[in-house]
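Some notes on the structure that comes next.
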Amino acid sequence: MAVDLLLGLQWGDEGKGKIVDVLTAKYDIIARFQGGPNAGHTLEFDGIKHVLHTIPSGIFHDKAINLVGNGVVIDPVIFKKELDNLGKFDLDYISKLLISRKAHIILPTHRLLDAASETAKGKAKIGSTLKGIGPTYMDKTGRNGLRIGDLEMDNWQEKYRALANKHESMIAYYNVDIQYNLQELEKDFFEAVDTLKKLTFIDSEEYLHQAQKDKKSILAEGAQGSLLDIDFGTYPFVTSSNTTAAGACTGLGVAPNKINDVFGIFKAYTTRVGSGPFPTELFDEDGARMAKVGNEFGATTGRARRCGWLDLVALKYAVQVNGVTQLMMMKGDVLSGFKSLKICTGYKYKGETINHLPFNIEEENISPIYTEIAGWKEDLTKITSEDEFPENFKKYIAFIEKELEIPITVISVGPDRKQTILR
Ligand code: GDP
Ligand code: IMO
Ligand code: MG
């Protein structure tokens, strides 16, 4: 059976966690393929809010297997905290959670290197979540990394020590003021590794291959968003992995011709956390209102998210790069009460009108061209079927579908599982 993908089309935090949770009932396996604890995926049901960082968002369902793929980077310390949180609920997560032997491990010194690199950059910093993502992927591509499978070897601690020592000299090289007590960090790290070792490590590409032969249904869960992709995002203000569809192939070992549906998920407006260009960003009351009503604070770092109007130029780009087959629109409820809404349909770029994302999207070069659409007053959060949608909300949806030429098949009107309308 084929593999479906679910990916964020903006700068992350589109609501991937919520939708994966909603869709899990239809799948046998949920698999994360890239990123790591920089992700914060929120799920809400029965009045409880859960935030997952590395563990796939299907974990609260009885049957589904949740797999952490080879493309993911794992911080044992954060993973252990996630497991501890799950421990409060009646879940048999031990048997439902599998980890790829080829996934790379985030060491405490990777986190320190992240901090040193950001500090050294000063104003030009990426605004990283400081979880060690960049340095860990650097060690992966530099062929120095420590992998989950290494933990099953006798000499892994030697490998660890050699890498950590090297990192310490690199931290010193940055010559910035980073205070740390490595012994203390390592105590937590080694304890967490012991916990991690209680889980099942597998050759996940082989497992997924067999699962496909056995006609199991698989949903790959993306992290971050397409505009944070290392190749196609707003470089250098991106993360260090391929967040787009191709990342699912390399991050799981699934062949491109085995991908079926690509679900592209987006917010009805746009947010971004961290530094980097954001053409439709708002600095006025409208932006403040989105932030407040949408409760736009990062699920991982708690930082305020920047807010702005929907950017269809960027969205179209993401739809193309990913081969999106179905769209899912989140947080339309946050836009209730705006008299009129703006949607960016082009950019003014160095005096010319363009409809694509140029190489350089720095503020001084680019200004959005907007189409204005009448807003709606009605609260959407109690709506359970699309016939109840206000007329102007229907028009907003229809405008996006027409521009992107892809149907919106899921509309979310609140954070809870139940506030989801399947069309
Ligand atoms: P993810 O990283 O893509 O999983 O998204 P996050 O969990 O970081 O951020 C999405 C936030 O929006 C979370 O707080 C969700 O609970 C919330 N959310 C998801 N869908 C909706 C929605 O339709 N309406 C509202 N108001 N909140 C939503
Ligand atoms: P989810 O999966 C939003 C951003 C950071 C920073 C940049 C690089 O919850 O959508 P990194 O820690 O990777 O070095 O940070 O990417 N970023 C995210 N923004 N949602 C995320 O994940 C993000 N993961 C990283 O804010 O700008
Ligand atoms: Mg998030």
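Values in this text are rule-based calculations from the coordinates and carry no lab data. As the structure is a prediction and not an experimental result, all values here were calculated from the model. For neighbour counting, all protein chains shown are included, and Cβ atoms are generated from backbone atoms with ideal geometry for every residue, glycine included.
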Open item on the list: Quick check on the exposure proxy: order HIS61, HIS104, HIS356 from fewest to most C-beta atoms within 10 angstrom.
Closed with: HIS356, HIS61, HIS104
Open item on the list: With an 8 Å Cα cut-off and a minimum separation of 6 or more residues, compute the relative contact order for the chain in percent.
Closed with: 21 percent
Open item on the list: As a footprinting exposure proxy, order ILE19, ILE106, ILE361 by other Cβ within 10 Å, with the fewest listed first.
Closed with: ILE361, ILE19, ILE106
TODO: Could you tell me the distance between the Cα centroids of the stretch 1-72 and the stretch 242-283, to the nearest Å?
DONE: 14 Å
Task: Greater than 23 Å apart at Cα, pairs in LYS292/LYS339; LYS18/LYS377; LYS63/LYS198 - done: LYS18/LYS377
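If each residue of separation counts as 0.36 nm, what is the full-extension length gain between GLU362 and LYS63 once their alpha-carbon separation is subtracted?
Numbers: separation 299, 0.36 × 299 = 107.64 nm, distance 4.68 nm.
Taking 0.36 nm per residue and subtracting the Cα distance, the gain is 103.0 nm.
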Open item on the list: Along the Cα→Cβ direction, 7 angstrom out, place labels at LYS49 and GLN210. What is the inter-label distance in nm?
Closed with: 4.0 nm
Task: Values of log10 I(q)/I(0), in the order q = 0.13, 0.15, 0.23 Å⁻¹, for the stretch 271-337 under a Debye, Cα-only, solvent-free model - done: -0.42, -0.56, -1.14
Task: the stretch 355-409 and the stretch 161-184: distance between their alpha carbon centers, rounded to Å - done: 47 Å
Task: Fewest-first ranking of LYS81, LYS402, LYS394, using other Cβ atoms within 10 Å as the exposure measure - done: LYS402, LYS394, LYS81
- [ ] Give the long-range amide H neighbours of LEU97: residues separated by 5 or more places, or on another chain, with amide H under 5 Å away, using H modelled in the peptide plane at 1.01 Å from N.
- [x] ASN66
- [ ] Quick one: dipole size for the stretch 171-268, taken about the Cα centre, charges +1 on Lys/Arg Cβ and -1 on Asp/Glu Cβ, in debye to the nearest 20.
- [x] 480 debye
Open item on the list: Pairs of alpha-carbon atoms within less than 8 angstrom and 6+ residues apart define the contacts here; what relative contact order does the stretch 1-91 have, in percent?
Closed with: 28 percent
Open item on the list: Going by amide H atoms built from the backbone, whose H comes under 5 Å of the H on ALA31, apart from near neighbours?
Closed with: LEU67, LEU219, ALA220, GLU221
- [ ] Would you mind checking LYS16/LYS81; LYS348/LYS394; LYS140/LYS418; LYS16/LYS316; LYS213/LYS402 for any pair whose Cα atoms are more than 30 angstrom apart?
- [x] LYS140/LYS418; LYS213/LYS402
- [ ] Using the Karplus curve 6.51 cos²θ - 1.76 cosθ + 1.60 with θ = phi - 60°, work out ³J(HN,Hα) for each residue of the stretch 55-60 in order, rounded to whole Hz, and write x for Gly and Pro.
- [x] 6, x, 7, x, 5, 7
Task: Percent of alpha-carbon pairs separated by more than 35 Å within the chain - done: 27 percent
Task: Backbone HN-Hα couplings from phi across the stretch 81-96 [Karplus 6.51/-1.76/1.60, Hz, Gly and Pro as x] - done: 4, 5, 5, 4, 4, 5, x, 6, 10, 7, 10, 8, 6, 4, 7, 9
Open item on the list: Quick one: 3J(HN,Hα) in Hz for the stretch 154-161, Karplus 6.51/-1.76/1.60 with θ = phi - 60°, rounded, Gly and Pro as x.
Closed with: 5, 9, 5, 5, 5, 4, 4, 4
TODO: Could you bin all the Cα-Cα distances of the stretch 111-268 into 5 Å bins starting at 0 and give me the percent of pairs in each, rounded to whole numbers?
DONE: 2, 7, 12, 17, 17, 16, 14, 9, 5, 2, 0
Task: For the stretch 210-332, with +1 on Lys and Arg beta carbons and -1 on Asp and Glu, the positive-most of CYS249, TYR235, THR280 along the dipole - done: CYS249
Open item on the list: For a distance above 16 Å, tell me the whole-number percent of Cα pairs in the stretch 348-423 that qualify.
Closed with: 63 percent
TODO: Report the relative contact order of the stretch 19-166, percent, no decimals, based on alpha-carbon pairs under 8 angstrom and at least 6 residues apart.
DONE: 21 percent
- [ ] Mind checking which of ILE19, ILE29, GLY40 is farthest towards the positive end of the stretch 7-46's charge dipole, using Cβ charges of +1 (Lys, Arg) and -1 (Asp, Glu) about the Cα centre?
- [x] ILE29
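Please give the charge dipole size of the stretch 31-133, origin at the Cα centre, charges +1 on K and R Cβ atoms and -1 on D and E Cβ atoms. Round to the nearest 20 debye. Write out the running numbers ahead of the final one.
Details: 14 positive and 10 negative charges, 96 e Å.
Approximately 460 debye in magnitude.
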Open item on the list: Within 10 Å, at most 16 other Cβ atoms, and a DSSP state outside H, G, I, E, B define an exposed site. Report the longest part of the chain free of exposed chymotrypsin sites (Phe, Trp or Tyr not before Pro).
Closed with: 181-282
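Using the crude model of +1 on Lys and Arg Cβ and -1 on Asp and Glu Cβ, and no other charge, please compute the dipole size for the stretch 235-345 relative to its Cα centre, in debye to 20.
Computed charge dipole of the stretch 235-345: roughly 80 debye.
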